[in-house]
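The values are calculated or read from the model by the stated rules, or taken from the named source; none is laboratory data. What you are looking at is a predicted structure, and each value in this text was computed from that prediction instead of being measured. Cβ: placed from backbone, ideal geometry, glycine included. Neighbour counts: every protein chain shown.
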């Protein structure tokens, strides 16, 4: 690797070192600790801040401004998201597609006015053009019960037998993979349009184990399967975690939006669809710090949620997202090296920049249900195992700060002719689709680096990969500084700035309390109620009754969640980010471990090895 490539890769870690050096130049903490309060000093005496202090103060105020604005933005987005999800999954639905309007121009029923109930929409959902939902479920040594539950929910959807093509993306490294996949296909195969499994080889040179390489292998099978289909631009590829439970409305909405996007200008649907997430299945059974960490992880995604489709929407998918198969082909699929451990975020960034920032991103008002990381052990050791498992998951998430360097490299190449020339469709099997690809290439040739959307995206990356660690360092160094430095030696402007930062942190804490109590609790209740209603309608509620985690906002124990979020954010946000950022100085490889999932009652005849051992 070149020195420039290494510097870009290690930018988060180098920024942390730079901030520590700045803090020492501005505050002289080490000099004060080693030489004592009476040591001669030139930087902290007097009543006017020096240059290092001005930079330190300015950077600290900027970070605190971002941290103060975040809970305000989060509260507004989550409040709106709860209302939009309730509206989309109960009474009001999106307006009819252009295709339906053309077919039913004389129909003046209430359906045309967008007042259909959810079951009426599913009964009348557009079936022309024939939309196929290819669903990839990556798995590595997952408990068979987790996969069975996920498939049960998918199979209960009304359109599953006609439109869902499910692929279990298994790993060759898993000795039970083929047995598990075969058994599940025997159980559910007839309930989907099609169902298959893939075994991702473990010996491909240059690949790293993980979700991205596994999904990339499975996606290639779908490309081979549908490349000769005359209207394969209507194949929507959804990637979801093995424990994800999706509502039927997710596929209803993206089907509707896909048809509208295609018919609006007779072009390809270059859109990434993504749902918000919710941890609502076993949150009542995991350690409080784990639960709060996942509440904040959920909030990180919700902070970008847009209730209405906008061309300038910037949002980062988490666990679940959908792309059309032509988009997957256009960007050459998923990256498979160790730099792609960011998985969902990495694929979004790759698609976004390869399309010169023209990728549409639409948030779908249908929440994806997830499990919290959990230990199978009981008692006190199970408690600590749960905390450890959540840290390992957080480290894997923060290892994705490699995407900072990836985004910078891709951003610097926006609009280049070489990038556009690589975007081509060279198959002779579908001439009309090739023409649409050519048209789209023209549309993306004018890539511009300095757009508001690009700035917004880079800001979101900064919030994810820099802000937690930098805030932590500012807080720790300023606290040590005020503790060891006599008040008379602190300049007026330095003291004033530190006080302002303290007020900002207090305001941010109070705003987060407001968010948890008034916004998140509403969102959580809406999501749980909608999922329970669909489970009851499909007859699955008794099977999943133990996987419903409700919250009581009036309980003092719930209030404890609100209070400890700063500590949980440090343990599962700031520390893993520091751990990952400094590790990248010498390696990009991470010992990939699958997050532990809660285990329910064991299925009869536990899965055995292919050798015949029960």
TODO: All but one of (1) assigned to a loop (DSSP other than H, G, I, E, B); (2) under 29 Å from residue 516 (Cβ atoms); (3) at pLDDT 50 or above hold for residue 92, so report the exception by its number.
DONE: (3)
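Say we look at the range 476-510 and pick out the residues that are under 18 Å from residue 70 (Cα atoms) and touching a residue at least 12 places away in the same chain (Cβ under 8 Å); which of these is surrounded by the most Cβ atoms within 10 Å (Cβ to Cβ)?
Our first condition is that a residue be under 18 Å from residue 70 (Cα atoms); within the range 476-510, this holds for 500-510.
Filter again for touching a residue at least 12 places away in the same chain (Cβ under 8 Å), leaving 500-501, 504-505, 507-509.
Details: 500: 14, 501: 22, 504: 17, 505: 17, 507: 15, 508: 20, 509: 15.
The residue in question is 501.
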Task: Members of the range 150-168 that are more than 21 Å from residue 221 (Cβ to Cβ) and within 22 Å of the chain's Cα centre (by Cα) - done: 153
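Residue-wise test of (1) touching a strand residue (DSSP E or B) at 6+ places or on another chain (Cβ under 7 Å); (2) at pLDDT 95 or above; (3) not in a helix (DSSP H, G or I).
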site: 326; (1), (2), (3): no, no, no
site: 369; (1), (2), (3): yes, yes, yes
site: 375; (1), (2), (3): no, no, yes
site: 381; (1), (2), (3): no, no, no
site: 386; (1), (2), (3): no, no, no
site: 395; (1), (2), (3): no, no, no
site: 418; (1), (2), (3): no, no, no
site: 424; (1), (2), (3): no, no, yes
- [ ] Could you tell me whether any residue of the range 247-255 is under 30 Å from residue 385 (Cβ atoms) and outside the structural domain of residue 526 (by the TED database)?
- [x] no
Task: Odd one out for residue 206, checked against (1) buried (at least 23 other Cβ atoms within 10 Å of the Cβ); (2) on the phi > 0 side of the Ramachandran plot - done: (1)
Open item on the list: Of the conditions (1) part of a loop (DSSP other than H, G, I, E, B); (2) closer than 30 Å to residue 528 by Cα, residue 236 satisfies every one except a single condition; which number is it?
Closed with: (1)
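Among the listed residues 455, 461, identify the single one that is out of contact with any strand residue (DSSP E or B) (no Cβ under 8 Å at 6 or more places or on another chain), exposed (fewer than 14 other Cβ atoms within 10 Å of the Cβ), at pLDDT 90 or above and closer than 30 Å to residue 396 by Cα. Write out each step before concluding.
On the way: 461 fails: exposed (fewer than 14 other Cβ atoms within 10 Å of the Cβ).
Unique residue meeting the criteria: 455.
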Open item on the list: Among the residues of the range 511-523, are any within 30 Å of residue 158 (Cβ to Cβ), surrounded by fewer than 19 Cβ atoms within 10 Å (Cβ to Cβ), at pLDDT 95 or above and more than 20 Å from the chain's Cα centre (by Cα)?
Closed with: yes
- [ ] Test residue 317 against the criterion of being in contact with a strand residue (DSSP E or B) (Cβ under 8 Å, 6 or more places away or on another chain), crowded, with 23+ Cβ neighbours inside 10 Å, in the same structural domain as residue 233 (by the TED database) and assigned to a loop (DSSP other than H, G, I, E, B), and give yes or no.
- [x] yes
Task: Filter result for residue 350 (on the phi > 0 side of the Ramachandran plot and either assigned to a helix (DSSP H, G or I) or in the same structural domain as residue 220 (by the TED database) (or both)) - done: no
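In this structure, is residue 218 outside any loop (DSSP other than H, G, I, E, B) and under 20 Å from residue 324 (Cβ atoms)? Break it down into steps so the answer makes sense when it comes.
Details: outside any loop (DSSP other than H, G, I, E, B): yes; under 20 Å from residue 324 (Cβ atoms): yes.
So residue 218 passes the test.
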Open item on the list: Of the conditions (1) modelled with pLDDT of 95 or more; (2) assigned to a loop (DSSP other than H, G, I, E, B), residue 529 satisfies every one except a single condition; which number is it?
Closed with: (2)
- [ ] Determine if the range 281-289 includes at least one residue that is at pLDDT 90 or above, crowded, with 22+ Cβ neighbours inside 10 Å and more than 20 Å from the chain's Cα centre (by Cα).
- [x] yes
